[in-house]
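The values are calculated or read from the model by the stated rules, or taken from the named source; none is laboratory data. Since this is a predicted model, take the numbers as computed values, not measurements. Don't worry about glycine lacking a Cβ; one is built from the backbone with ideal geometry, like all the others, and counts go over all protein chains shown.
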Amino acid sequence: MGEDKGVMLRIENVAHSYHVGESMQEVLKGLSFDVPESSFVIIFGPSGSGKSTLLNILSGLLKPMEGKLMFRGTDLYSLNPEQVAGFRAKTLGRVYQTSYWVKSLKVVENVSLPLYFSGWSKRSAQEQAIKYLKQIGMDKYAHKYPTQLSGGEQQRVSMARGLVADPDFIVADEPTGNLDTMSSDMVMSTLQGCKAEFNKTIILVTHDLRYLPMGDIVYELQDGRLVNGGASVTQSPDKRNVAKRFSSLAQEKSAKQGAGQEK
Ligand SMILES: Nc1ncnc2c1ncn2[C@@H]1O[C@H](COP(=O)(O)OP(=O)(O)OP(=O)(O)O)[C@@H](O)[C@H]1O
Ligand SMILES: [Mg+2]
C-alpha cells in the first residue's frame, strides 16, 4: 500500500464492450494508467473513442468487463452498491456537458441536492449551497429557476452543484461543450482553482484543444486505446510539444475567427 501513496486512482487493464445487436463493440481495449492525488488530468480524443465510457467507469457507474479500478488502494467494483453510492456521494463531484435539473426546484435547491442525499438538513444544505454559489459569483441567481438562466450560467451553477459536497475527485465530461469562449474560460478557471487552491483531483474530458496545456497529464484516447503514452505535460518534452502544437493551432484558429468576427 505504501507505494500507492500519492496515487488516487489506478486503472488496470480496463476493457469494455457494448452489445450491438448480436455482436459486441469493443470500446475500451485494455487501458492502464494512474491518476495522482491533486493532479489535473485531461483526456481528449475523437467522438466515439470511449471517453464518456471511461469516465463512467472511473465514477463507479459502469463496471468494466475486464480490469480493475483501484481507488486509494481499494478495488472500487469489489465494494457493495451502498459503499459505491457512498463513494459517489462523498468523494466524487461530476460536471456534465448539459446540465440536468430538477426543473421545479430553484437554483439553490438544485445545488443543495447532493447534500440532501448525504443527510444534511435542508437549512444547512442551503447555506452551504449559497456559499458555493457565491464562490463562483452565481449567488444572485440562487432564487431563480435553472431554466431561467443562460447556458453558460447554468453550467456555472452545475459546477457549484458538483463541488458543494466538497469532493476530493471531480470528473468533468466536456463541461465547456456547449459554451461560448468566455463562459468556457470561466468554467475552466474554476476547475483550475479547485486544483490549485483546494488540492482537488480533476479528470476532464474536452474537445477544446486550447485547454490541453492546463493539464498536468494529458491522455489521448483513440479507438479504445491510449496513444501518446499520457506522459506529464510538465515533465515530458514530447507531451509539452503535443500540448504546444495544439495550443498554437487553437490560437491560430481563434485568431482567424476573431478577425472574421470583428469586421
Ligand atoms: N450504453 C451504450 N450501449 C451501446 N453502445 C454504446 C453505449 N454507450 C456508448 N456506446 C458506444 O460506444 C462508443 C463510445 O462511446 P462514448 O460515449 O464513450 O464516446 P465518447 O468518446 O464520449 O464520444 P463523444 O466525444 O461523442 O462524447 C460509441 O461508438 C457509442 O456509440
Ligand atoms: Mg462523450
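Check whether at least one residue in region 140-153 is aliphatic (A, V, I, L, M), modelled with pLDDT of 90 or more and not in a loop (DSSP other than H, G, I, E, B), and report yes or no.
Checked against the condition, which is being aliphatic (A, V, I, L, M), modelled with pLDDT of 90 or more and not in a loop (DSSP other than H, G, I, E, B), region 140-153 yields no hits at all.
Taking the condition farther than 15 Å from ILE42 by Cβ, at pLDDT 90 or above, among the β-branched types (Val, Ile, Thr) and buried (at least 20 other Cβ atoms within 10 Å of the Cβ), does VAL164 pass?
yes
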Point to revise | Condition met for THR74 (farther than 30 Å from GLN148 by Cβ, among the hydroxyl-bearing types (Ser, Thr, Tyr) and either within 16 Å of ligand 2 (Cβ to nearest atom) or in contact with a helix residue (DSSP H, G or I) (Cβ under 8 Å, 6 or more places away or on another chain) (or both)) | key: no
Exercise for review: Within region 172-218, work out how many residues are within 16 Å of ligand 1 (Cβ to nearest atom) and outside any helix (DSSP H, G or I).
Suggested key: 15
Exercise for review: Quick one: GLY119 ticks every box in (1) assigned to a loop (DSSP other than H, G, I, E, B); (2) within 16 Å of ligand 1 (Cβ to nearest atom) except a single one, so which number is it?
Suggested key: (2)
Point to revise | Condition broken by SER52, with the remaining ones in (1) under 22 Å from ARG161 (Cα atoms); (2) without any contact (Cβ under 8 Å) to a residue 24 or more places away in the chain; (3) not aromatic (Phe, Trp, Tyr) satisfied | key: (2)
Exercise for review: Can you tell me which residue within region 110-127, out of those that are at pLDDT 95 or above and hydrophobic (A, V, I, L, M, F, W, C), is surrounded by the most Cβ atoms within 10 Å (Cβ to Cβ)?
Suggested key: VAL111
Revision key, fill the gap. Residues of region 173-188 being away from ligand 2 (no atom under 16 Å from the Cβ) and either within 14 Å of the chain's Cα centre (by Cα) or among the polar types (S, T, N, Q) (or both), in sequence order, are THR181, SER183, SER184, VAL187, MET188
Check your understanding: Within region 91-109, how many residues are surrounded by 14 or more Cβ atoms within 10 Å (Cβ to Cβ), free of Cβ contacts under 8 Å to residues at least 40 places away in the same chain and of a type in the set (A, V, I, L, M, F, W, C)?
Key -> 1
Revision key, fill the gap. Note on SER59: of the conditions (1) away from ligand 1 (no atom under 13 Å from the Cβ); (2) under 19 Å from the mean Cα position of the chain (by Cα); (3) crowded, with 17+ Cβ neighbours inside 10 Å, unmet is (1)
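Yes or no, residue by residue, for (1) modelled with pLDDT of 95 or more; (2) in contact with a Lys or Arg (Cβ under 7 Å, 6 or more places away or on another chain); (3) within 20 Å of ASP173 (Cβ to Cβ):
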site: GLY6; (1), (2), (3): no, no, no
site: VAL14; (1), (2), (3): yes, no, yes
site: PRO46; (1), (2), (3): no, no, yes
site: ASP75; (1), (2), (3): yes, yes, no
Point to revise | Test: residue in region 66-73 that is at pLDDT below 95, within 16 Å of ligand 1 (Cβ to nearest atom) and part of a strand (DSSP E or B) | key: no
Practice item. Being surrounded by fewer than 20 Cβ atoms within 10 Å (Cβ to Cβ) and away from ligand 1 (no atom under 16 Å from the Cβ) is the filter here, so list the residues in region 36-56 that pass it. Key: PRO36, GLU37, SER38
Check your understanding: Taking region 137-172 as the search range and keeping residues that are among the hydrophobic types (A, V, I, L, M, F, W, C) and farther than 24 Å from GLU37 by Cβ, which one is farthest from the chain's Cα centre (by Cα)?
Key -> ALA142
